[in-house]
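The values are calculated or read from the model by the stated rules, or taken from the named source; none is laboratory data. If you're wondering where the values come from, they're calculated on a predicted model, not measured in any experiment. Neighbour counts run over all protein chains shown; Cβ positions are idealised from the backbone, glycine included. Accessible surface areas use protein heavy atoms only, side chains included; no ligands, DNA or RNA. Shrake-Rupley method; radii C 1.70, N 1.55, O 1.52, S 1.80 Å.
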Amino acid sequence: LETVAEYLGVLSEAGGVMHLPVVGVSGIGKTVFLQTIQQAVEELPREIPVRLVDADAFDEETADGRFQLRVLQDDLRQLDEVVLLIDNCNRDREIDASLRAIGECVESAVVVSAWPPEWWRHRCDDVESVLQVTNEIHLEPFNQRELAEVVRKLVAVMSNGEVTPSEEFASAVEAYRFGYPRIAILLVRKSITPAFRSDEEIGPGVVEETA
């Protein structure tokens, strides 16, 4: 999240197109990572349009007979700047062409795309040729210390910096994650939201209720 935030700052100050591929194995939390970026951008004081799309649907037709990719292109052309989050890039058989088409529609954008590592290793050069890579983000399993830090940052984002989770809360998340960062992040998001609404204390109890 800090890496993405850095490039959001660059977008605000200088513009340009920045491409950040997110690489990680199945279950590591790529989709949830993109969703977390979306939520964080939507809660920024400065409004920046954000779009979360699934590359698997680019070749699907809408009710008026247009492909979803074309709909996205038309939308992007209307925006001065955008944060574009693209999930499941490996499921688009024409992803190189899709990324080229997207790149032609934006002048000021942070593009975050999600890939499994085996696919990225074989196709990264092709992707680089159509949408230059600014920085790669590799998602790895969290150790206990890293998980506690991720929990702290997620809660900070979701509460606009007003809430600091207890160590017991992070430990409860660790106990239920079963080795998958995606499960940890989902637990945080799904347990925190109702707790905020009810003014409940952010402790291990809310995790246990959600799990």
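Some observations on this one:
Matching residues to (1) of a type in the set (D, E); (2) modelled with pLDDT of 80 or more; (3) buried (at least 18 other Cβ atoms within 10 Å of the Cβ):
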| residue | (1), (2), (3) |
| --- | --- |
| S113 | no, yes, yes |
| E140 | yes, yes, no |
| R145 | no, no, no |
| G179 | no, no, no |
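- Restricting V53, V4, V22 to those that are buried (at least 16 other Cβ atoms within 10 Å of the Cβ), farther than 20 Å from E104 by Cβ, among the aliphatic types (A, V, I, L, M) and touching a strand residue (DSSP E or B) at 6+ places or on another chain (Cβ under 6 Å) reduces the list to V22.
- Contact annotation: residue pairs with Cβ atoms under 6 Å, 6 or more positions apart or on different chains, pairing a residue in the stretch 78-100 that is within 16 Å of P116 (Cβ to Cβ) with a partner that is part of a helix (DSSP H, G or I) and open to solvent by 20 Å² or more (accessible area, probe 1.4 Å), are D87/T31; N88/D56; N90/W119; R91/D56.
- Restricting the stretch 74-95 to residues that are under 20 Å from the mean Cα position of the chain (by Cα) and in a helix (DSSP H, G or I) leaves a set whose member that is surrounded by the fewest Cβ atoms within 10 Å (Cβ to Cβ) is R91.
- Within the stretch 89-113, the only residue that satisfies the criterion of being touching a Cys at 6+ places or on another chain (Cβ under 6 Å) and not β-branched (V, I, T) is S113.
- Members of the stretch 115-130 that are open to solvent by 70 Å² or more (accessible area, probe 1.4 Å) and touching a residue at least 24 places away in the same chain (Cβ under 8 Å): S129
- Among the residues of the stretch 8-40, those identified as within 13 Å of D87 (Cα to Cα), aliphatic (A, V, I, L, M) and part of a helix (DSSP H, G or I) are V32, L34, I37.
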